[in-house]
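Novice: I have a structure here, written as structure tokens, and I will follow up with some questions on it.
Every read-out reported here was derived from the displayed coordinates using simple, explicitly stated rules and does not represent laboratory data. A quick note: this is a predicted structure, and the numbers were derived from the prediction, not measured. Cβ placement follows ideal geometry from the backbone for every residue including glycine, while neighbour counts extend to all protein chains displayed.
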Amino acid sequence: MYAIMETGGKQYRVKEGDQIRVEKLGMADGEQVKFDKVLVLGDGTEAKVGAPYVDGAAVFADVIESGKGKKVIIFKYRAKKDSRKKRGHRQPYTLVEITGISADGTAPAKKAAAPAAAAEEPAEKKPSLKSMKKAELIDFAKENNIEIDEKATKPVILEAIENALK
């Protein structure tokens, strides 16, 4: 099944599983979006065309990320007038993944998570020594009774801690 939907003044032909960049939606990553401006619904053999939109049809998507596109340089120059303007622009976008297309506007059922992943509890993540700040490294050394020179640089402190932990 496919749909032609409208968002941000543009039209997109989408099917389930597609990832598309649309104009900025202002939503957090992981949220679900409902696009209800569906122009055409099709299943490969026949298509339902709206006037202008198909009644009750909707496209559902999950927000993957928001960001800015590649920089576009705008340079204005007037010959013999000593006039130059250089401007840059990065268009904001939202990357969405299409999770379902519905003719009656009902949201698709969420897919069940793998049972092995659900039974397993996530282990507590310990920050790596390299990602710690100098003050955190000094505190870590004191907690673990490791003698270091507090006036030394971060790489020297890090090396002393690693050698002591071996």
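Novice: GNM, the chain, Cα, under 10 Å: largest mean-square fluctuation among ILE73, ILE101, ILE20?
Specialist: ILE73
Novice: Do any of LYS48/LYS68; LYS15/LYS37; LYS24/LYS110 go past 23 Å between their Cα atoms, and which? Please report the intermediate quantities before stating the final value.
Specialist: Details: LYS48/LYS68 35 Å; LYS15/LYS37 15 Å; LYS24/LYS110 25 Å.
Flagged as over cut-off: LYS48/LYS68; LYS24/LYS110.
Novice: For LYS154 and LEU95, what is the calculated FRET efficiency with R₀ set at 41 Å and r taken between the beta-carbons, to the nearest 0.05? Could you put the intermediate results ahead of the total?
Specialist: Working: r = 36 Å, r/R0 = 0.88.
E between LYS154 and LEU95, to the nearest 0.05, is 0.70.
Novice: PHE75 versus GLU147, label points 7 Å from Cα toward the beta carbon: distance in nm?
Specialist: Once both label points are built, they end up 6.3 nm from each other.
Novice: On alpha-carbon atoms, Rg over Rh for the chain using Kirkwood Rh?
Specialist: Details: Rg = 26.9 Å, Rh = 21.4 Å.
Result: Rg/Rh = 1.25.
Novice: Which trypsin sites (Lys or Arg not before Pro) from the stretch 56-96 combine a DSSP loop assignment with at most 10 other Cβ atoms within 10 Å? Display every interim value, and only then the final one.
Specialist: Values: sites: LYS68, LYS70, LYS71, LYS76, ARG78, LYS80, LYS81, ARG84, LYS85, LYS86, ARG87, ARG90; in loops: LYS70, LYS71, LYS80, LYS81, ARG90.
Passing sites in the stretch 56-96 are LYS70, LYS71, LYS80, LYS81.
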